[in-house]
Amino acid sequence: MSENPVTSRTADELLEPGRYEQIVADLLDEAKRLGASSAEAALSIESGLSVTVRLGEVETVEHNRDKGLGITVYFGQRKGSASTSDFSAGAVRETVKAACDIARYTEEDSCAGLAAAALMATDIPDLQLYHPWAIETPEAIERALACETVAREHDSRITNSEGASISSHSGLRVYGNSHGFVGAYPSSRHSMSCTVIGQDESGMQRDYWYTLARDPLQLDSAESVGVRAAERTVARLGARKIDTCQVPVMFEADVARGVLGHLVRAISGGALYRNASFLVDASGQQLFPERVHIDERPHLPGALGSAPFDNEGVATAPRTLIEAGVLQGYVLDSYSGCRLGLPTTGNAGGVHNLYINHDGLDREQLLKKMDRGLLVTDVMGQGVNTVTGDYSRGAAGFWVENGEIQYPVDEVTLGGRLQDMYQGLQAVGNDIDARGNIITGSWLIDNLTVAGD
C-alpha cells in the first residue's frame, strides 16, 4: 500500500522542526520588542487518523490536522496570554500584541514568571517517542472490522457491539522562552479498542479492552484485543449483588492506576497551595508500608509518559516520590513551587512514568493472598474527595473465596479513605500495566467497605 499523504507530509515536518523553532524564536523576539520583560511560547502541530466500526459497518472516519501557538508575556509580574492557529508572520505579531495588551491590565502576582534559567534542559535525548504509522484508511477499517468480528463471534452470548476503533496520531511540540531556551521533540500515539455487549437469562453486560503504544509494532493484534473484550464481557454475565461487608479488595492493574493517580493529585502543587488536599504538609510522613517505593522515570525509551523537558522547559530527571513508604516530596511546577516556597520538580504538565515497585506476585498469587474478598475490574462515578481523602465509587468485579473467583459482582459501592487504603496496601502484583504515565500492577488492599444489599 502507498503511504497516507497526510501521515507522510507530517512525518517530514516532525523530523525537521527547525522552521517551527524559528517561529517560536521570532515570537519571543517580538515580545521583547514590545517591552515584555520575559516571555514563553509553545507551538504544537498534530495529525492523525481515527476509524470506528460497529456491527460490521464503518461508522466514522476522521482525519485531523491541527496546529496551535500560544504566547505568555510578563511585564514584571503582570502576565498576559494569547493564542492562534495561524502561523503567518502577521498573525504571530498580532498574537504577541494581544498578550502584551492583556498583561498591562492584569494584577501583579509575586509568583508570575518563568522557571529558573539554570533548570532549563541543556541536552534533549532521543527517547524514541516518535514512531509514525503509515496506515491508510482501508487498512485501518480492515483491522477494526477484524477486531470487532473476532469479539462478536467469540461466544454466542455476545449479542451486540459498541464498536471497535483504530487511532493513530503524531505530533510535534516546541517550547521556548526568553532565557534562550528553545526545545522540540516529535511523538506518536496509536491505539485499538473494542467494546461488546453480552446477554443471557440474567441480563446484559458490557466490557472492553484496548491496546496503546507509541510504536504501532508494539500494539496487540486486532484478534487478541477482540478476544479479550469478549472474554471480559462474557465473564460478567450472571453478576450478583452481595451483602454489605468489610473485606480485602484487589484492584486490577488498570483500576489501580487510578488509585495511584489520586495520590498524584493530592500531592500536586495546585491542590497543596490552595489547602485543597488531605496531604498538605505531608512531606516526610509515612503514607505506605515500608516496602513501598514509588519513583518517576521520565527517560524510559518509548514509554507513554517519557519527556526530555516539562511544559516550562525544565529538564526532567529521575526522582523518588515514596521511599520506604515515606513521602519524599511533591509534584510541582514553578508557579505552585513558588507559592509553597519550594523549587519546581520539573512536573509542569504532570508526572512522567510514575512507577511503583511490585512484590513478585502474579494475579493468581494475589488472589490466594487475599483469600476472601472482592476483585475489582471496573469503577465508576466521581466519588473521590482529595480534600478529605474520602473514597466512594461504584464498582464491578468478582467475588473471591479460598483464593478463587466464584462469581461476578456488580452494583456495589466501595467506601473508605485514601490514607487508609495506602497504609493498607498489602501487595502489588507483577502484572504491570504500562498503558499510561502511571505504571503499576494490581493492588491488594487489606480492608474496604463494600456496600451492596
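Looking at the chain only, what percent of DSSP beta bridges run antiparallel? Nearest 5 please.
Values: 109 of 117 bridges.
Here the antiparallel bridges make up roughly 95 percent for the chain.
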Picking from THR52, SER88, THR72, whose Cα lies most toward the positive end of the charge dipole for the stretch 31-92 (charges on Cβ: Lys, Arg +1; Asp, Glu -1)? THR72
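Just need the relative contact order of the chain here, percent rounded to a whole number, with Cα pairs under 8 Å and 6+ apart.
Details: 1155 pairs, mean separation 66.1, N = 453.
It comes to 15 percent, rounded to a whole number.
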Counting only residues 5 or more places away or on other chains, whose amide H sits under 5 Å from the amide H of GLY436 once H atoms are built in the peptide plane? LEU304
Can you list the HN-Hα couplings for the stretch 285-300, worked out from phi with the Karplus curve (6.51, -1.76, 1.60; θ = phi - 60°), rounded to whole Hz and with x for Gly and Pro? 8, 7, 9, 10, x, 4, 6, 8, 10, 10, 9, 10, 10, x, 10, 5
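Would you work out the Kirkwood radius for the chain? I mean one over the mean of 1/r across all pairs of different Cα atoms, in Å.
Numbers: mean 1/r = 0.0413 Å⁻¹.
Taking every pair of different Cα atoms in the chain, averaging 1/r and inverting gives 24.2 Å.
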For HIS63, put the label point 7 Å out on the Cα→Cβ axis and report which residues of the stretch 118-139 keep their amide N under 17 Å from it. 133-139
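Given N residues in the stretch 173-217, what is its alpha carbon radius of gyration divided by 2.2 N^0.38 Å?
Details: Rg = 21.2 Å, N = 45, 2.2 N^0.38 = 9.3 Å.
Working it through for the stretch 173-217, the quotient is 2.27.
Taking 0.36 nm per residue of sequence separation and subtracting the Cα-Cα distance, how much length would be gained by fully extending the chain between LYS97 and LEU55, in nm to one decimal? Let's see the in-between values first.
Working: separation 42, 0.36 × 42 = 15.12 nm, distance 5.20 nm.
That works out to 9.9 nm of additional length.
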In square nanometres, what is one fourth of the surface area of the convex hull spanned by the alpha carbons of the stretch 188-345? 13.0 nm²
With labels modelled as points extended 7 Å from the Cα through the Cβ direction, what inter-label distance (nm, one decimal) is found for SER221 paired with HIS299? 3.7 nm
Of ILE322, ASN385, GLY261, whose Cα points farthest to the positive end of the dipole of the stretch 260-406 (charges on the beta-carbon: +1 Lys, Arg; -1 Asp, Glu; origin at the Cα centre)? ASN385
Lys, Arg +1 and Asp, Glu -1 on Cβ, resulting dipole of the chain about Cα centre, debye, nearest 20: 1020 debye
For the stretch 323-396, what's the relative contact order in percent, using C-alpha pairs closer than 8 Å and at least 6 residues apart? 17 percent
Dipole of the stretch 95-221 (Lys/Arg Cβ +1, Asp/Glu Cβ -1, origin at the Cα centre): which of PRO138, PHE181, GLY203 lies farthest to the positive side? PHE181
Could the peptides 201-214, 365-378 be put in order, highest first, of the mean number of other beta-carbon atoms found within 10 Å of their residues? 365-378, 201-214
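Please compute the contact order of the stretch 187-305 in relative form: average sequence separation of alpha-carbon pairs under 8 Å and at least six residues apart, divided by the residue count, as a percent.
Numbers: 111 pairs, mean separation 25.7, N = 119.
Relative CO of the stretch 187-305 lands at 22 percent.
Which of the helices in the chain meet the span-like rule: DSSP H, Cα axial reach of 18 Å or more, Kyte-Doolittle mean at least -0.5? Working shown, then result.
Values: long enough: 18-33 (22 Å, -0.76); 89-103 (21 Å, 0.53); 137-153 (24 Å, -0.22); 222-235 (20 Å, 0.14); 253-266 (20 Å, 0.65).
Within the chain the helices that satisfy the rule are 89-103, 137-153, 222-235, 253-266.
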Suppose R0 equals 41 Å; then what is the FRET efficiency for GLN77 and ALA134 from their Cβ-Cβ distance, rounded to the nearest 0.05? 0.30
Summing +1 per Lys or Arg and -1 per Asp or Glu among the other residues with Cβ less than 15 Å from GLU108's Cβ gives +2
Charge context of ARG291, other residues only, Cβ under 12 angstrom, K/R +1, D/E -1: -3
Which order do you get for ARG417, ARG265 if you rank them by accessible area with a 1.4 Å probe, largest at the top? ARG265, ARG417
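Can you list the GluC sites (Glu not before Pro) in the stretch 34-107 that are in a DSSP coil and have 12 or fewer other beta carbons within 10 angstrom?
Details: sites: GLU40, GLU46, GLU57, GLU59, GLU62, GLU94, GLU107; in loops: GLU107.
For GluC sites (Glu not before Pro) across the stretch 34-107 that sit outside H, G, I, E and B with at most 12 neighbouring Cβ atoms in 10 Å, the list reads GLU107.
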Once you put a point 7 Å from the Cα of ARG157 and another 7 Å from the Cα of ASN385, both along the Cβ direction, what distance in nm separates them? 3.9 nm
What distance in nm lies between label points placed 7 Å from Cα along the C-beta direction at GLU107 and ASP371? 5.8 nm
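Beyond 16 Å, what share of the Cα-Cα pairs of the stretch 47-120 remains, rounded to the nearest whole percent?
Details: 1779 of 2701 pairs.
Percent of Cα pairs beyond 16 Å in the stretch 47-120: 66.
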So, counting K/R as plus one and D/E as minus one, what does the shell of residues with Cβ under 12 Å around ARG240 add up to? -2
For the stretch 257-335 the GluC sites (Glu not before Pro) that pass both the DSSP coil test and the at-most-12 other-Cβ-within-10 Å test are GLU290
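Take the Cβ-Cβ distance between ARG274 and SER392 as r, set R0 to 30 Å, and report the resulting FRET efficiency rounded to the nearest 0.05.
Values: r = 22 Å, r/R0 = 0.74.
In this case the efficiency is close to 0.85.
The values are calculated or read from the model by the stated rules, or taken from the named source; none is laboratory data. Small disclaimer: the values here were computed from a predicted structure and weren't measured. Glycine gets a Cβ as well: all are built from the backbone with ideal geometry, and neighbour counts include every protein chain shown. Side chains are part of the model used for accessible areas, which takes the heavy atoms of the whole protein and leaves out ligands, DNA and RNA. Shrake-Rupley method; radii C 1.70, N 1.55, O 1.52, S 1.80 Å.
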